[in-house]
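Only the coordinates and a few stated rules stand behind these numbers; no lab work does. Bear in mind the structure is a predicted one, so any value in this text is a computation, not a measurement. Here Cβ is always computed from backbone atoms with ideal geometry, including for glycine, and neighbour counts include all displayed protein chains.
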Amino acid sequence: MTDHNEETRDQLEQDINEAADATEMANDEGLEVVDALIAERDQWRDRALRATAEVENTKKRAETQANDARAYAIQRFAKDLLGVADNLERALQAAPKDGDAATNGLVTGLELVQKSLLTAFENNNLVRVAPEAGEAFDPHFHQAMMEQPSDTVPGGAIIMTLQPGYALFGRTVRAAMVVVAAKGSGAGYAGGDNRTGENLDEKA
């Protein structure tokens with residue numbers, strides 16, 4: 001009887017151990033499946049992020065190419081119109097300030113034409129570049145024509161604009177011609193340099 005009980009007990013222990021081994025194996029297989037799913041998910045997520053980035057880059061390239069094409073298409077026409085803008089400005093500068101009613105009416109008309117022309121320029125992204133005294137010199141948009149000493153403007157800054165420039169979509173169509181303050185200019189300038197307007201092109 002005792003032997004029978006011991007056999008039964010041994011059999012139960014064996015069954016329990018086999019069940020435990022089977023459960024552990026099933027758990028290991030289940031974890032492997034979960035790990036595989038996680039890896040696959042991460043792979044698809046990475047692909048989705050790469051695809052999204054590529055779409056954004058393609059969109060930006062297309063926008064840049066469209067802007068370049070549009071700018072190229074109107075750049076030549078814009079350059080032709082700059083002469084009209086220059087002539088209008090010269091006419092207004094030469095117009096008498098205290099003329100009779102007819103003259104004043106003509107000047108007012110020219111001012112309205114100039115305003116309309118500049119508005120049309122801005123609506124088509126052609127922006128007037130006319131730096132004020134004291135502004136920093138920017139070689140991308142300004143062309144230094146002369147260098148002069150100044151007691152009000154620091155060296156390297158702009159003293160005055162000789163001719164306004166224009167930029168189309170942020171790109172220079174014509175650089176603004178400017179006079180630049182000589183090195184050492186600014187408050188307390190002693191005036192040791194007697195040059196009153198050295199042409200930088202000749203200096204070069």
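Annotation note: GluC sites (Glu not before Pro) in the range 121-192 located in DSSP loop regions with a Cβ neighbour count of at most 13 within 10 Å are E132. Available extension along the chain between D138 and T103 is 8.7 nm, counting 0.36 nm per residue and deducting the alpha carbon span. Counting only lysines at least 8 places from K183 when in the same chain, those with an alpha carbon closer than 29 Å to its own are K203.
Taking amide H as placed 1.01 Å from N in the peptide plane, the amide H of A182 sits under 5 Å from that of Q148, S150, G156, each at least 5 places away or on another chain.
Listed by chain and number, the lysines whose C-alpha is less than 26 Å from the C-alpha of K115, apart from same-chain residues fewer than 8 away, are K79, K97. Averaging the Cα positions of each part gives two centres, and for the range 38-96 and the range 116-178 these lie 22 Å apart.
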